[in-house]
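The values are calculated or read from the model by the stated rules, or taken from the named source; none is laboratory data. All values reported here derive from a predicted model rather than from experimental measurement. Please note: Cβ atoms are built from the backbone with ideal geometry, for glycine as well, and neighbour counts cover all protein chains shown. To get the accessible areas, we keep the full protein, side chains included, count just its heavy atoms, and leave off ligands, DNA and RNA. Shrake-Rupley method; radii C 1.70, N 1.55, O 1.52, S 1.80 Å.
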Amino acid sequence: PRALERSEVRVLQTLANQAVIAIENAAAYEATKQLATTDALTGVANHREMEAYLERELQRAARSGEPFALIMCDLDHFKDINDSVGHPAGDAVLRHLTNKVLAPAVRPKDLVARYGGDEFVAVAERIRKTVEGQAVMLDGKAVSNLSVSLGVAVYPRDGETRQALVQAADQALYVAKRTGRNRVVRTDAANAELRAAA
C-alpha cells in the first residue's frame, strides 16, 4: 500500500460525485414514475397505469391463449356518503376500500387501479363479501355500511381489445347497480338482462 497522489484523489472524488448524481437521478426518476402511475388519493395504480397494464395483459393472453378477467367495482351509494358527511370522509372511505379491502384481496400479480370516480378494477365476489356490511368509522361514529357492485368481463369471450373489455365490464357493472346493488354481474348475465328489458 502507498499513499494516493493528489491527482488520484481528485479522480476518485470526481467518480464518487458522478455516482452520487447518478443515484440521485435514479431516485428522482423513480419518484416521478411513481407520481405518473399512481392515484394520489388512494395510492393504487391510476387510470393511465391500468390501461397500460391491461394492454400488456391482452398481449400476454393473446400469445398464451389463456383467458383473464377484468372486474369493475363501484362503491354503492357513494354520493350519499359525500353528501351526508362530506368529501373528506368520502376520500377516507375510498382509501379504506383500496388499502384495507381491495389490495389485500388480490394476488401479488393482480392490479388494483383507480379507474375514475369511485370505480376500481380488482377481483370480484370475494371483495363484495369482504366489503358487505363493513361500517365506515369517522371520529368514532359509524358513518355508513359499505357495499359494492361489480361487473366482470372475461378475455377473449367478452372482448379482445382494452376498450371492448372495459365497455363490457362497465355494462355489467351498470346492470349490477340497476338490479339492486351489492352484487356481482358477469357480462353474459348483463346481456341477458338488457335483452329482457328491451
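With springs connecting C-alpha atoms under 10 Å apart, model the chain as a Gaussian network and identify which of D76, D139, D39 has the largest mean-square fluctuation. Greatest mean-square fluctuation among the candidates belongs to D139. What FRET efficiency comes out for A164 versus D91 if R0 is 41 angstrom and r is the Cβ-Cβ distance? Round to the nearest 0.05. Efficiency for this residue pair is about 0.80. Put the Cα centre of segment 1-65 next to the Cα centre of segment 74-142 and the gap is 30 Å.
Around R128, what is the net charge, scoring Lys/Arg as +1 and Asp/Glu as -1 over all other residues with Cβ under 12 Å from its Cβ? Write down the numbers at each step before the final one.
Details: positive: R126, K129, R181, R183; negative: D74, D76, E125, E132.
Within the 12 Å Cβ shell, the charges total 0.
With a Förster radius of 25 Å applied to the beta-carbon distance between E24 and K100, the computed FRET efficiency rounds to 0.15.
Highest mobility in the GNM of the chain, judged by mean-square fluctuation with C-alpha springs under 10 Å and restricted to H87, H77, H47, is found for H87. Pairs with C-alpha atoms separated by more than 25 Å, drawn from the list K79/K129; K33/K177; K100/K177; K79/K141; K109/K177, are K33/K177; K109/K177.
For the set E8, E132, solvent exposure ranked by accessible area (probe 1.4 Å, protein chains only) runs largest to smallest as E132, E8. Rounded to the nearest 20 debye, the dipole size of the chain about its Cα centre is 380 debye, using +1 on the Cβ of Lys and Arg and -1 on the Cβ of Asp and Glu.
Span-like helix check, the chain: qualifying full DSSP H segments, with Cα axial length of 18 Å or more and mean Kyte-Doolittle of -1.0 or more, are 6-37, 162-178. Extension gain, K33 to A62: 0.36 nm times the residue separation minus the Cα-Cα distance gives 7.7 nm.
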